[in-house]
Amino acid sequence: MRYLSLSLLTILASLSLGCEGMKGHYESELKKAREREEAQTQTIAQLQAQNTAMQDELFALKKADHVLVTGELSQPGIYYIGQEATLVDVMLKAGGETRFTSKHAVITRDGEGIDIDITRPKSSAITILPGDILYFERASF
């Protein structure tokens, strides 16, 4: 009986040491995983910054005869317009309105915003120039 008790105590002691060893192993692995996650987060942030910089450079290159269309149109993007185009021309190039397009748009030209109500008849004849940035707002219901 004593032998059995000693054997059980020996097994329990080794299990206890094994658990401590496993705890250290798991803590080490958790630390490594957190370090990898932090490195990946930094890489993602760097790639996003590079992507933004490349988009800015691309638009700067195309600015001479293109416009940037953003917001609530079917296909926002950068579009060739040559020397000039009307608001309607640009909207059609960008796929037209969605069901969520509000009736309000903003044209940014030389750093200044121009508010437009696109439901007014005269707004369709507004001249859009190369380098303009058009933003079509989303309607609030």
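Just so it is clear, none of the values below were taken in a lab; they were calculated from the coordinates. Remember, predicted model here, so these are calculated numbers, not experimental data. Note: ideal-geometry Cβ built from the backbone for every residue, glycine included; neighbour counts use all protein chains shown.
Which value, in Å³ per residue, describes the convex hull spanned by the Cα atoms of the range 63-138?
72 Å³
Net charge near Gly113, counting Lys/Arg +1 and Asp/Glu -1 over other residues with Cβ under 13 Å of its Cβ?
-4
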